[in-house]
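What follows is a single structure, written as structure tokens, with notes after it.
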Amino acid sequence: MKVLVTALSLFFMLMSPQAFSRDTKHMLSIEEAMASPDFQERLDPNIGFYFGTQKHPRVERSLGNFSSNKKTNAFNKSDEEACRWVMLSAMLSLQDRVRKEGGNAVINIASYYKKNKVNSNTQYECHAGAVIAGVALTGEVVKLAR
């Protein structure tokens with residue numbers, strides 16, 4: 001009986017909201033993420049992605065500003081692994097938007113977690129919890145001169 005009471009107590013402690021409320025902010029390397037095999041395989045090399053104030057060819061036409069807010073299952077993954085996976089998901093969403101709008105790049109990409117804009121050439125913001133990790137990005141879809 002004592003084992004059952006202990007097990008139930010542990011179960012209810014783990015199921016409490018505090019157990020799932022972790023929201024750890026990470027600032028991670030864009031370069032490392034973009035160099036990973038998953039990004040290399042899944043992102044179209046004909047679409048340009050320019051973060052922060054990175055230099056890019058001349059803009060021929062702006063097609064609008066768009067955002068991507070993605071979440072992923074972080075259970076049983078390191079924060080970095082979950083963040084890299086959800087960053088890829090956010091990038092794929094922007095890539096889909098470029099194709100839909102007829103552009104060839106996204107410029108001025110910034111992290112946009114909970115509408116807090118973080119503009120960086122080198123890092124993206126990811127928030128990881130016990131169960132979910134999230135990345136939100138915003139950027140301008142454009143047609144660049146090539």
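Rounded to the nearest 10 degrees, the inclination of helix 79-101 to the longest alpha-carbon principal axis of the chain is 40 degrees. Derived from the Cα gyration tensor, the three semi-axes of the equivalent ellipsoid of region 22-144 are 24, 14, 12 Å, largest first.
The stretch between GLU32 and LYS77, if pulled fully straight at 0.36 nm per residue, gains 14.4 nm over its current Cα-Cα span.
Summarising the amide proton neighbourhood of ASP23: residues at separation of 5 or more, or on other chains, whose placed amide H is nearer than 5 Å comprise an empty set. Once the Cα atoms are used to define both axes, helix 2-14 deviates from the longest principal axis of the chain by about 20 degrees. The helix-only estimate of mean residue ellipticity at 222 nm for the chain, built from DSSP H runs of length n ≥ 4 each weighted as -39500 (n - 2.57), is -10500 deg cm²/dmol after division by the residue total.
We did not get these values from a lab; they are worked out from the coordinates using the rules stated. Since the model is a prediction, treat every value here as computed from it, not as a measurement.
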